[in-house]
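Here is the structure we will look at, set down as structure tokens.
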Amino acid sequence: MYNGDMTVLPIRTLGDPVLRTPAEPVTFFDAKLRRLADDMIETMYAAPGLGLAAPQVGVGLRLFVFDVDWEPNGDTSRASRRPRVVVNPVLELGPGEQTDQEGCLSVPGHQYSTTRAATATVRGVDLAGDPVVYSGDGLLARCLQHETDHLDGMLYLDRLTGLSRRAAQRALRDAQFGPPGGDQRGAVGGGLLRALRRQR
């Protein structure tokens, strides 16, 4: 799968409609899908991040990549990387809750205290269509939930409550996120505020 000869893709940011559109199931397991996954892996490491969903690179398919064992500030060699791919994931939440800081490559520069299920399991298939299951707690559980949310057209901002929600409203009121390539043409802070107010 991952051979290191890949392209870093532009990451879509808050305000891009693709991030709010539920992704479609993958039906073709071909070279094009493998190339997409490899490019997403390269993009995730370059960002750097621990996970990346297909809608974040403008592709409306139910696919995400992740590597929660990788440390962006530690050993960044290719040998230290253990990327995983999940296609058409189905998320199962376990009992209990965890609350910790959470951020998103599509909302750069911001992190907020976010409550998630304490444990989570994702069942899906790999790039060959063979079954895969990933299950865990802590950071892995948080990652599985975060990336699956992207495939359902949700951002972690939608899950904020209380003080975290108010902090996000204040901080993002005048935030500007542009299209891929860094062109900052127009604030979407007001749109985010409206979205946050509609939730809950």
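Each value in this text was obtained by applying a stated rule to the coordinates, not by laboratory testing. This one's a predicted model, so the numbers in the text were calculated from it and none came from an experiment. Ideal geometry is used to build each Cβ from the backbone, glycine not excepted, and the neighbour counts take in all protein chains shown.
Need one number: convex hull volume per residue for the range 63-171, Cα atoms only, in Å³. Don't skip to the end; give the middle numbers.
Details: hull volume 12.2 nm³, N = 109.
Taking the convex hull of the Cα positions in the range 63-171, it is 112 Å³ per residue.
Less than 11 Å Cβ to Cβ from VAL132, Lys/Arg counted +1 and Asp/Glu -1: what total charge do the surrounding residues give? All intermediate terms of the calculation are to be shown ahead of the outcome.
On the way: positive: ARG84, ARG123; negative: ASP126, ASP130.
Residues close to VAL132 contribute a combined charge of 0.
Need the full-extension length gain, THR7 to GLN101, defined as separation in residues times 0.36 nm minus the C-alpha distance. One decimal, nm. Before the final figure, lay out each step's value.
Values: separation 94, 0.36 × 94 = 33.84 nm, distance 2.96 nm.
Extra length from THR7 to GLN101 when fully extended: 30.9 nm.
Alpha carbon centre of the range 111-161 versus the range 1-71: separation in Å?
14
What FRET efficiency would be calculated for the residue pair GLN111, SER80, taking the C-beta separation as r and a Förster radius of 41 Å, to the nearest 0.05?
Numbers: r = 24 Å, r/R0 = 0.58.
So, using R0 = 41 Å, E works out to roughly 0.95.
For the range 1-58, what is the Kirkwood estimate of the hydrodynamic radius, computed as the reciprocal of the mean inverse distance between distinct Cα atoms, to one decimal in Å?
Numbers: mean 1/r = 0.0824 Å⁻¹.
Result for the range 1-58, one decimal place: 12.1 Å.
So how much slack lies between ARG123 and ALA46, counting 0.36 nm per residue of separation and subtracting their Cα-Cα distance, in nm?
Gain on extension, ARG123 to ALA46, equals 25.1 nm.
If r is the Cβ-Cβ distance from THR21 to GLN169 and R0 is 25 Å, what FRET efficiency results, to the nearest 0.05?
On the way: r = 23 Å, r/R0 = 0.94.
With a Förster radius of 25 Å, E is 0.60.
When ranked by the protection proxy of mean other Cβ atoms within 10 Å per residue, highest first, what sequence do the peptides 51-64, 123-136 form? Could the numbers behind the result be given before it?
On the way: 51-64: 23.2, 123-136: 14.2.
Top to bottom by mean Cβ count within 10 Å: 51-64, 123-136.
Give the value in nm², to one decimal: projected area of the alpha carbon convex hull of the range 1-108, averaged over all directions. Please report the intermediate quantities before stating the final value.
On the way: hull surface 31.5 nm².
Orientation-averaged projected area of the Cα hull: 7.9 nm².
Using packing as a proxy for protection, rank 20-30, 101-111 so that the peptide with the highest average count of other Cβ atoms within 10 Å comes first. Can you show the working numbers first?
Details: 20-30: 12.8, 101-111: 17.3.
Ranking the peptides 20-30, 101-111 by packing returns 101-111, 20-30.
Sort 90-98, 33-41 by packing, meaning the average of other beta carbons within 10 Å per residue, with the highest value first.
On the way: 90-98: 12.8, 33-41: 20.1.
By packing density, highest mean first, the sequence is 33-41, 90-98.
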